[in-house]
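The values are calculated or read from the model by the stated rules, or taken from the named source; none is laboratory data. What you see is a predicted model; the values in this text were computed from it and never measured. A quick note on method: Cβ atoms are made from the backbone with ideal geometry, for glycine too, and the neighbour counts reach across all protein chains shown.
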Amino acid sequence: MIKRKAPPYQMKEIILKEATFMTSKLKIGSIAPDFELPSWKNDLIKLQHFRGRYLTLVFIETIENDDDFNLMVSFSGLMNEFSERNTIVVGISKDDTSTLQEAVTKHQIQVMMLSDVLTTTYAAYNAIKLTRDKSSGTKQEFKRKTIIIDPNGKIIHVFDEIKDASTHPNEVLDWLKTIDAFE
C-alpha cells in the first residue's frame, strides 16, 4: 500500500503541490481530489493507495483538541467493524507528524493519521474556510468533516457537520451498512 518513505524533514521545509481553493461543495459522484500527505510514521500516503476499498476521510483541526481527540478514539474503537465493511478510516489533521506520532503511540489510536500542515488537502475537500478580518487579515476556520470515497475513487457521501464525537463513528457505520444492502 505504501510506496515510499518521506525523507526526514522539518515541516516548514515541506513542499507540496499547490491546492486549488474550491468554492463549491464537493459533489456526490465526482472523483475525489488527489492528495499526498505524510503519515504519523512519515510514510507518504496518496489517495490511490486506497483503490479497491472504501475510504473514510475524517478531517479534524488538531489531535490536541479534546473533541478531535475523542473523535479519533471513537473511530479507533470501531476499526474491526470498518474493516469488515472493506473500509479504511484516515484522519487528517493540521498537526505535524511528530505531534501525531506522540498521540497515536501514547493513546494507541488505530486510525491512520495524516499531517496536512499546509492545509492543501483541507482546501481541496472544502474542510477549511478562509475569512477576511480587517484587523488580522486572512483567518482559517477548520471544519470537522467526514467524506466517504468508494473503491473507484468517487465521493459517495459527505458529513458536513460532526455534532457528537462519541456517536459520529456509529453514524458513519450505519451509513456504510446502507451500501451493504445494495451490493
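Restricting to segment 157-183, count the residues that are β-branched (Val, Ile, Thr) and in contact with a Phe, Trp or Tyr (Cβ under 8 Å, 6 or more places away or on another chain).
Final tally of qualifying residues: 2.
Of the residues making up segment 117-151, those that are free of Cβ contacts under 8 Å to residues at least 60 places away in the same chain, among the charged types (D, E, K, R) and touching a Lys or Arg at 6+ places or on another chain (Cβ under 8 Å) are Lys129, Arg132, Asp133, Lys139, Glu141.
In segment 64-87, the residues that are touching a residue at least 40 places away in the same chain (Cβ under 8 Å) and closer than 21 Å to Gly52 by Cα reach residues that are surrounded by fewer than 17 Cβ atoms within 10 Å (Cβ to Cβ) and among the aliphatic types (A, V, I, L, M) with C-beta atoms within less than 9 angstrom, at least six apart or across chains, in these pairs: Arg85/Ile179. Here Val90 passes the criteria (1) closer than 20 Å to Lys46 by Cβ; (2) among the hydrophobic types (A, V, I, L, M, F, W, C); (3) touching a helix residue (DSSP H, G or I) at 6+ places or on another chain (Cβ under 6 Å) except the one numbered (3).
Within segment 22-63, restricting attention to residues that are touching a helix residue (DSSP H, G or I) at 6+ places or on another chain (Cβ under 7 Å) and surrounded by fewer than 14 Cβ atoms within 10 Å (Cβ to Cβ), the residue that is modelled with the highest pLDDT is Asp34.
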